Every structure is written in structure tokens, then in C-alpha cells.
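A short worksheet on the structure shown next.
The values are calculated or read from the model by the stated rules, or taken from the named source; none is laboratory data. What you see is a predicted model, and the numbers here were worked out from it, not measured in a lab. Cβ: placed from backbone, ideal geometry, glycine included. Neighbour counts: every protein chain shown.
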Amino acid sequence: MISTNESCYDRAADLKAFDETKAGVKGLVDAGISTIPPFFIHSPKPDPSSSLDPAPKPKFGIPVIDLSGVGKDPESHTGIMGRIRVASETWGFFQVVNHGIPTAVLEEMLEGVRRFHEQEAEVKKGFYTRDVSKKVVYNSNYDLYTGPAANWRDTFYCLMAPHPPNPQDLPSVCRELNIALGYLTSREVMIEYSKQVMRLGSLLLELLSEALGLNKSHLNDMDCNEGLAVVCHYYPGCPQPELTLGTSKHADDGFLTVLLQDQIGGLQVLHQNHWVDVRPVPGALVINIGDLLQLISNDKFKSIEHRVVANREEPRVSVASFFSTSFQDTPKVYAPIQELLSQGSPPRYRGVTVQEYVTYCANKGLDGHTCFFSTLSYPTLRVYGPVKEIVTKSDPTKYEEMTAAEYFAYYQSKGRDGISALDHFKL
Ligand SMILES: O=C(O)CCC(=O)C(=O)O
């Protein structure tokens, strides 16, 4: 039983009781609660329209970039690449349209996620776990026991690349076939969507490489497109949305995120100290730069903090696809790309080995269960640092080098406290 009496409030017991229901936030809503349990209450209150700055809010939202001219005439291609560069340098976020993923696939994916979360609680419970070594995980709040306040959100995720799960291990509601879609008749939607996102991610990483003045294959050659976690969120309607958040303020820890959202809205990005709504655009995907891409680009590109506000009315569905190499066992030391460094432009991140990483994790006291992406199960040795070619005398390296695993371990261990994990690695 989850208590609501504040005088004898036992948070730890409450969290455990909630977790043991295996029914998530959706279970609370289905039970008809009218006040939210105290462990969901954020302090200070997260005002959705709050500004951290007295200056007026930016007039425009995040850029919407039409990709239809990519690879066509050089002028269109360069124009698109330039828009991506500016967006990545200023907003860290942009939306893309005409990205090549059919609308039907986007819709099927959102519907599949909705079906998963809205199915019989008993069936869903079979997937409920905090064992991050599993490839398919459903739970509520991966940081339930470590975060300062819980979020009004349930999630399931699948590690789709480089080693996808067996199709039969995917939730069956996500394997529903849409007979009307000829090319999907024999494909699971999740698998099809992931394939399409992998293709789009690789294309975007090419454009981002070009935008940094590098060879177009540079970021993909660094394996930025190798790992993919597809994270499927469900934000039930909340009886007291002013007290909680759907997702706390954070920046993404990977290289690049491709976000599919439904038409409800709620995602906000922190831009010039204002929370700016990322308005849903039909058929569009939201793209954002992750911390490791900010790091590799030596702060040329920005990994921007964002959050999702809770809403009273309807559930919201989103699918965040994280490009990250934190799941792979690569026996390599990751270091800043030599070609980008010079005497006047030293690397801003230090290099680390797996040995260092394991020691770091041990010192941090991680037990493997606080790592969303199982960095302990899939240590990688590659060291990421600012790209040498874009480091100059006047704009020298700002970060130490590190493995993705080391970065993720720190990111996870510090919790969502509103302070960028990147600060920890600044030189
Ligand atoms: O649901 C969203 O719009 C954003 C989710 C998000 O920020 C995340 O999964 O890290």
C-alpha cells in the first residue's frame, strides 16, 4: 500500500511498494488516485512556463529542417548542412521533416508503444525488471531509488543495435503487423523502426561531420552510429501536474538522440535560460546533440538540457532512440582524435582505459543496477575527446578524454541534479 500521510512518511518503503506493484504510474492512474504519492513531488515546484531569466523568451522555437535536398544539388545539400550546424551550435536541438521514415512507420511505432503500456497489467508485469543486462526492460523510473524525485512516466526500452534482441523477445503488442502496409507485413514494427532510425542517424552523423569541417564519414567511423537503445515512454495523465515532471531536467549522455513524439506536447528545451516548448510537428522527428558529441566537437555542438512537463489530460507517448556505444565490448582505448589536435589546441578530455573505468566505477560504488544502459555489462575502451581538427589556439580543448562508459557511469551516479555531467570532465 502506498502511503499519502506525510507525518509518518517512509519514502523507502513507499518506493518499494510502488515498484513491487510492477504496474508503474499507469497502475496508480488506473487505481483512480486523485493525489500523487509524495515521492513524485518535485521541489521547487516545476512551473511549466517558468523562466530563469527576466529577458523576453526567444521568439522562435527550435528549427525545423527539411532534409529532402540532402545529397541532391550541392547548393541544397550545403544549405541543409549549414542549418544543421547552426542549430547544433545554438539550440542543440532541431526537428527534421522529409527524413525518409514513412509516416505509417512512425504512427505504428507510437501505437505499438501505446498498446504496450495500455495492455493488461498482468501481461506487462512479465517485462518489469531492473536488471539492465536484459535487452528488453520495462519499469517505471530507471532511477527510482536514486533520483531526488520520481517522474510521472513509465518506460520500456530495447537495445536494438549492434546486437538486437530475438524478435520473439520483443513485447508482442509491438510486433503487431499492419497488413495494410505492404512492406511491413513480415516485419515487426520495432525492428523496422529501429532500422530506419539507424539509417537516419547515420545520415545525420554524416551531415554533422561535414558541419564540423570533417570528412563526412568521420563520426560514423568513430562508431557514433553503432549502438542504439530505443526507449519508449508513456506519460499518463496526472491529477496534480503542477507538482511533478514527466522527465526531469537533464542532457542526453550519448552522441545523438532521435525522438518521435505524439501530438500532445510537453517536451521543453532550456534555451537562453528559458524553457522553450518543442511543439509537435506532424511527421517530424526531434534530433538532439548528446553530451559525448558536445565533447567530441569540443563544445562546438551543444548538448542542451531538456525536460518533459506532466499534463492533466491525456497520456503522452514518445520514443527516444539513443545513439550510444556504451553497450559494446570494444577492446580499444578511446582517445581524442589526433588529427583535430595541435599545440595550440590541446585535447580537453583525458584518455581512459577499461582498467581506469572499472576502478572509477568501483570508487563510485556503482553496483551495475543504477546504470540505465548497463555500462558495467558492456564496457568499451574507446576514449572520446574533442575532435582535433576543430580545436584551435583561440578555442582550445576544454575537456578531458574519457570512455563512453566512464562518462555514463558518472552521469548515472550523480543523478539528475540539474548540473551537466560534462562539467566534471572540463579541463
Ligand atoms: O519524452 C520526451 O519527449 C523526452 C524523453 C527524454 O528526454 C529522454 O528519454 O531522455
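A few remarks follow.
- Scan of region 242-255 for residues that are modelled with pLDDT of 95 or more and part of a strand (DSSP E or B), ordered by number: LEU245, GLY246, THR247
- If only residues of region 201-248 that are within 16 Å of the ligand (Cβ to nearest atom) and hydroxyl-bearing (Ser, Thr, Tyr) are counted, the one that is surrounded by the most Cβ atoms within 10 Å (Cβ to Cβ) is TYR235.
- Only residues that are outside any strand (DSSP E or B) and in contact with a helix residue (DSSP H, G or I) (Cβ under 7 Å, 6 or more places away or on another chain) were counted in region 258-279, giving 1.
- Filter result (acidic (Asp, Glu) and under 15 Å from ARG153 (Cβ atoms)) within region 116-138: GLU118
- Residue satisfying all of: in region 303-324; not in a loop (DSSP other than H, G, I, E, B) and not β-branched (Val, Ile, Thr); farthest from TYR384 (Cα to Cα) among these: ARG316
- Failed item in (1) exposed (fewer than 12 other Cβ atoms within 10 Å of the Cβ); (2) closer than 22 Å to HIS271 by Cα; (3) at pLDDT 95 or above, with GLU20 passing the rest: (2)
- Of the residues making up region 307-330, those that are within 11 Å of the ligand (Cβ to nearest atom) and at pLDDT 95 or above number 9.
- All positions within region 204-232 that are out of contact with any helix residue (DSSP H, G or I) (no Cβ under 8 Å at 6 or more places or on another chain) and either within 30 Å of THR392 (Cα to Cα) or not in a loop (DSSP other than H, G, I, E, B) (or both): ASP221, ASP223, GLU226, ALA229, VAL231
- Scanning region 93-105 for residues that are surrounded by fewer than 22 Cβ atoms within 10 Å (Cβ to Cβ) and either aliphatic (A, V, I, L, M) or under 27 Å from ALA31 (Cα atoms) (or both), we see that the one that is farthest from the chain's Cα centre (by Cα) is ALA104.
- Meets criteria (buried (at least 23 other Cβ atoms within 10 Å of the Cβ), hydroxyl-bearing (Ser, Thr, Tyr) and either over 28 Å from GLY69 (Cα atoms) or within 11 Å of the ligand (Cβ to nearest atom) (or both)) for TYR193: no
- Answer residue from region 117-127, given it is over 20 Å from the mean Cα position of the chain (by Cα) and assigned to a helix (DSSP H, G or I) and is surrounded by the fewest Cβ atoms within 10 Å (Cβ to Cβ) among those: GLU122
- For region 133-145, the set of residues classified as modelled with pLDDT of 85 or more and more than 16 Å from the ligand (Cβ to nearest atom) consists of LYS134, VAL136, TYR145, listed by residue number.
- Meets criteria (acidic (Asp, Glu), surrounded by fewer than 23 Cβ atoms within 10 Å (Cβ to Cβ) and either within 19 Å of PRO171 (Cβ to Cβ) or not assigned by TED's automatic domain parsing to the domain that holds ASP262 (or both)) for GLU89: no
- If the condition is being more than 7 Å from the ligand (Cβ to nearest atom) and within 13 Å of the chain's Cα centre (by Cα), then region 258-267 contributes VAL258, LEU260.
- Within region 280-302, tally of residues that are modelled with pLDDT of 95 or more, within 12 Å of the ligand (Cβ to nearest atom) and in a loop (DSSP other than H, G, I, E, B): 1
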